[in-house]
Amino acid sequence: MSNSAVALNNYLIVGGLLFTLGLVGFLSRRNLIVMFLCAEMMLQGVSVTLVGFSGYHSTWSGQIFAVFSLAVAAAEAAVAMALIVVLFHRGDSLDVSLWQDLHEPDQPTLVDEQIVDEPVPEPQWPHLAVAGPLPTHPQPLTATHRQLDSTEVGRG
Amino acid sequence: MDAWQVWLEPLIKIAIVIGALQGAVAYLILVERKAAAYIQDRLGPNRVGPWGLLQPIADGAKFLLKEEIIPAGADKVLFLLAPVSILATATVAFATIPFGYFVPWPGARPIELTIAPGLDIGLLFVFAVGSLGVYGVVLGGWASNSKYSLLGGLRSSAQLVSYEIPLGLSVIGVMLLSGSMRMETIMTAQAQSGWWWIALQPLGFAVFMVSGCAESARLPFDLPECEQELVGGYHTEYTAMKFGMFALAEYQHLITVAFLSVILYFGGWHVWGLAPFTEGNQVGLIGAAVRVAVLAIKVLLMILLFMWIRWSWPRFRYDQLMTVAWKVMIPLGLLNLVVSAVAQEFLAPNDYMTRCVLAWLAVGGCVLYAALFSNVAAPEPKRPQASPQA
Amino acid sequence: MHPHEILMAALGQCLAAFTGEMHAGLAPLFAWAGGAGLGGDPGLRDRLLGVVLNRDVFGYIVRTFLILLPAGLGVYLMLPRGLPSKQPQYRRVGAALAAFSLVLICVWPVSEKISGGAPRTVLWLLSGWGGSAEFYLLGIVSLASAVLTITSRNPVYSALWFSLVLLANAGLYLIQHAEFLAAATAIVYAGAILVTFLFVLMLAQPQGAASYDRVSREPFLACLTGLLLAGVLLGTIHYSTSVEAIPNAAKQSVRPTAALARTQMTTARETSALVDYAQPHVANLGKSLFQEHFVSIEIVGVLLLAAVVGAMLIAGHTSESPR
Amino acid sequence: MKPDDRNIKWVVEPQLGLAGRMYLTPFIDGLTTTARHFFSTVAGGQMTRQFPEERPEFGNPLIYRGVHRLNKDEQGRVKCVACFLCATACPAHCIDIIGAEAPWNDREKYPLSFVIDELRCIYCGMCEEACPVDAVELTTLFDLTGASREEMIFDKEKLLSVYDQTIAQEPMRSRGGSGAFPRMPAKGA
């Protein structure tokens, strides 16, 4: 096995694994944008393979193919983005299973599993800074207007 | 090559470039503050050291010593990653900025004053790295868990992505003229022809300057962080050195744009009359020093121009910003590209005079067209129904 | 046959292949164990052993399956499955399994017959570590961030990990002297497409993870599909690029080096297009692009125009659409 | 708002010329303006006031609202009669008064403690307006600094010392001059 063949082998392996991972993600994830990213990852796997072949054959063809696939990916991204924006506006959600009534009539419907709600942590509201400590009174008094104020204004 | 040449030499270059860059940024901030002060009839920083010369050190110490705050609800990882990423991309862009190479003594191996010499896509590399700088802005805006930051990040990502297109279009003319994307080759081409490309690419230069201003978010285009609307934009929530990193990156972007405009349009290290020192590929120590000095002076002048612009002009409104990008700058860039390509195809390679005339004719045509048909800047003034004084 | 039995059989085959390659002495034992799952059919067992020991394409695929099995399991464990709260131990175990699989891919030794005596691995640039360190680094970064892309619960993190995939791939392109492609990937993909998607993501989901990001559709079946695909792909790649597996007649068609390719195997037209790394790269790429693929360029231009117009048409109606 | 109101001055937007519509003349105008200022400043022309060295001049110190002071009467006693009008008028609730039986004959009460939180104060001058005896006044001291919040809470002694500091430059703004509160008939008298 020669150097270039091994290099090709390596690129094919990485490309194939990227393609596979993209496939797994596309099949399993439900977020439209993540699904799109996974599709792009499959394209990346193909690009890696093409570049590997380009280096192996010492020609430009592989790279040029990859450039074209890049351009196609850009076009795809533009259309996919537009579609995702429209779908988001219609459903107020990026969940792809909202649109499963587009499937063929004999296909089973995906029933959502019971998702356990994650406990949402209490929001931490900022504390207002204290404007200044109360002055020390020369003698204790029963009730001054300041004490009344402090209940009203929430000072201290 | 020896091991030290492989590893040590780039490390030394990297250290020199980063050190020089940080120092330059620190003192450019002082220069900008002084310039702004003079423009506004003030004196500027003058308390720390003579003429305020130690002010950058004091500022740096302040950046380091201030309290680090991570806002509640912020995504900590991304919040910390954002300034690092923006500073890293801003710094990496300098890897291909060339300072020429020289022979330290006769017979020695020439030393290239570039971190990554011989990258064939030099210019494209700068753009690629620059386009990654958007991540810092977007992440900083999103991770801060603040509306102002989010709005700033969104604005800025739209702005940076939009202005990348005219920026890329504007330099294609230069690439065509020089026949390369390597910055060394571009400078050599200008030195050999005796023309600076500003004369042949006035339209491209105009588009480049505007887009460069927008890419580095300088004042006519500093929508991402405009204080009046967004407090501080994407770095509203950042404090201490994290904010300092954003500031550093901003200035490094400015320096990058200045370097690029000098290299692409103002002949790089070429000056008429200094040719004996800088001629040829391999120069001695003096030649290298002259080259670096000329380049540095030109870049400094360019940065001063940017500062002058910053304190002279008001900010664009957001729709004006987008209008300028998509309806003005991209068509102008395309026109420049077409004119350059046609000239390159049909003219003799050394017929620079005709190219120059063509290019300026194109500018004149644009001015004429804009003067006759432009209504971008002149909306119908809104008046109340009843006439004021009848 | 019951799916359970198929699984047992497959596991047995994997074990058999695993051991058959490395420890031929133990192979019958495991093959028998595998065969036992099928009811102790000696004929089947022999056929399995034959498959394993003959190292035909099926044997390669089976061995590849074995290498990839932890990865598949790991990805399954790492995928969001609607577990009650953050359960990092699943993700950690999954990540460990996937990493183990990655390590296996990197260091799993090829038998000496195939490699020609030198200690070599499945994924190994034969020039040695000096030339391959960058590849290893970038490839591992690429694959690991790909796994994290598809398993992150927060889509923003998914997008960021995908940007890392892109950058690592750009590095891989650089190793193969595809400089323009590397820069174009960084500019177009990472700089524009991904940022735009981050933009939409941040507008649509400013809170980060939503409920549908915490569950997957059929993660097990998806991982099984991926495992099958990857196993077949990698096994075939491995088989077809190993010299031993290629018959003598076909061996001639393998072009060992670029130099040999230049002298022997190329037509005149290909020779003109061969890559000479001493020449300016981008200029030649452009020449090739605009001379030999000119029509394709035009078509891509039209495609991009159509995409832009279509995108504007589609997205332009959002304000009027009923919500 | 009526469009034909005499007091409204309608500004007609200047019509931009050809170059103006292309932002050219505004940009060049801006650049020349800033350049002119730059060079005139470098040449030592008009400059902003160099604050710590040069103090600002107040056009009318009587209407400037800076740090408070507590005025004294001719006998050097605090003028305040602890009527709480200023504390009531204060929109920022920054005045804290503790009144006590006056040891003097000309009034019933005097402030045992009179505290103004200068950080909380918004310097609106309502206390000055409200004071019936012109005891509390706002001076022209504007550069108030301190190292702690406690330092910025002015008590009676501090407010009186502000009076001592500023009385030379700023005479009392009181209309009558003596400023004595008209004596109430004594209890039981």
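Considering A:Ser93, A:Ser69, which residue is among the polar types (S, T, N, Q) and not in a helix (DSSP H, G or I)?
Answer to the selection: A:Ser93.
Pick out, from region D:30-120, the strands (runs of 3 or more DSSP E) lying fully within it that include 3 or more residues that are in contact (Cβ under 8 Å) with a residue 24 or more places away in the chain, of a type in the set (Val, Ile, Thr) and surrounded by 13 or more Cβ atoms within 10 Å (Cβ to Cβ). Break it down into steps so the answer makes sense when it comes.
Details: elements: D:68-70, D:95-101, D:109-117.
By residue number, no strands (runs of 3 or more DSSP E) qualify.
Restricting region B:279-319 to residues that are surrounded by 19 or more Cβ atoms within 10 Å (Cβ to Cβ) and more than 25 Å from the chain's Cα centre (by Cα), which is modelled with the lowest pLDDT?
Among those residues, the one meeting the criterion is B:Val283.
Find the residue count for region D:104-126, including only residues that are within 14 Å of chain A (Cβ to nearest Cβ) and over 20 Å from D:Gly76 (Cβ atoms).
The total comes to 8.
Answer yes or no: is there a residue in region C:212-230 that is within 14 Å of chain B (Cβ to nearest Cβ), in a helix (DSSP H, G or I) and modelled with pLDDT under 80.
Checked against the condition, which is being within 14 Å of chain B (Cβ to nearest Cβ), in a helix (DSSP H, G or I) and modelled with pLDDT under 80, region C:212-230 yields no hits at all.
Out of the residues in region D:140-171 that are touching a Phe, Trp or Tyr at 6+ places or on another chain (Cβ under 8 Å) and under 25 Å from D:Pro52 (Cα atoms), which is surrounded by the most Cβ atoms within 10 Å (Cβ to Cβ)?
From region D:140-171, those touching a Phe, Trp or Tyr at 6+ places or on another chain (Cβ under 8 Å) are D:140, D:142, D:155-156, D:159, D:162; that's our starting set.
Adding the requirement that they be under 25 Å from D:Pro52 (Cα atoms) leaves D:140, D:142, D:159, D:162.
Working: D:Thr140: 18, D:Phe142: 13, D:Leu159: 24, D:Val162: 20.
For region D:140-171, the residue satisfying everything is D:Leu159.
Restricting attention to region B:49-69, which residues are surrounded by 14 or more Cβ atoms within 10 Å (Cβ to Cβ) and at pLDDT 85 or above?
B:Leu54, B:Gln55, B:Pro56, B:Ala58, B:Asp59, B:Gly60, B:Phe63, B:Lys66, listed by residue number.
Could you tell me which residue of region A:74-104 is nearest to the other protein chains (Cβ to nearest Cβ), considering only residues that are acidic (Asp, Glu) and more than 29 Å from C:Ala184 (Cβ to Cβ)?
Per the criteria, the residue is A:Asp95.
Can you find a residue that is in a helix (DSSP H, G or I) and either within 13 Å of another protein chain (Cβ to nearest Cβ) or not charged (D, E, K, R) (or both) anywhere in region B:95-105? I'd like the intermediate steps shown before the answer.
Keep residues of region B:95-105 that are in a helix (DSSP H, G or I), which gives B:95-96.
Right, trim to either within 13 Å of another protein chain (Cβ to nearest Cβ) or not charged (D, E, K, R) (or both) and you get B:95-96.
Yes: region B:95-105 contains one or more residues that are in a helix (DSSP H, G or I) and either within 13 Å of another protein chain (Cβ to nearest Cβ) or not charged (D, E, K, R) (or both).
Given the structure, is A:Gln100 more than 24 Å from C:Ala306 (Cα to Cα), outside any helix (DSSP H, G or I) and either of a type outside the set (Phe, Trp, Tyr) or at pLDDT 90 or above (or both)? Walk me through how you get there before you give the answer.
Details: more than 24 Å from C:Ala306 (Cα to Cα): yes; outside any helix (DSSP H, G or I): no; either of a type outside the set (Phe, Trp, Tyr) or at pLDDT 90 or above (or both): yes.
Here the answer is no, as A:Gln100 does not meet what is asked.
Test of understanding: among B:Leu176, B:Leu132, B:Leu154, which residue is under 23 Å from C:Ala182 (Cβ atoms), in a helix (DSSP H, G or I), at the interface with chain C (Cβ under 10 Å from one of its Cβ atoms) and not aromatic (Phe, Trp, Tyr)? Let's see the steps before the verdict.
Numbers: B:Leu176 fails: at the interface with chain C (Cβ under 10 Å from one of its Cβ atoms); B:Leu154 fails: under 23 Å from C:Ala182 (Cβ atoms).
It is B:Leu132.
Just to be sure I understand the filter: pairs with C-beta atoms under 8 Å, separated by 6 or more residues or on different chains, first member in region C:139-152 and in contact (Cβ under 8 Å) with a residue 24 or more places away in the chain, second member outside any helix (DSSP H, G or I) and basic (Lys, Arg). Which pairs pass?
C:Ile150/A:Arg29
With (1) buried (at least 20 other Cβ atoms within 10 Å of the Cβ); (2) touching a residue at least 60 places away in the same chain (Cβ under 8 Å); (3) outside any loop (DSSP other than H, G, I, E, B) as the list, and B:Thr114 as the residue in question, which single condition is left unmet?
Result: B:Thr114 fails condition (3) only.
Could you check region C:172-183 and list, in sequence order, the residues that are more than 8 Å from chain B (Cβ to nearest Cβ) and either within 25 Å of A:Leu94 (Cβ to Cβ) or assigned to a helix (DSSP H, G or I) (or both)?
Listed by number, the residues that qualify are C:Leu172, C:Tyr173, C:Leu174, C:Ile175, C:Leu181.
The values are calculated or read from the model by the stated rules, or taken from the named source; none is laboratory data. Predicted model, so just to flag it, every value in this text is computed and none were measured. Backbone-built Cβ (ideal geometry, glycine too); neighbour counts: all protein chains shown.
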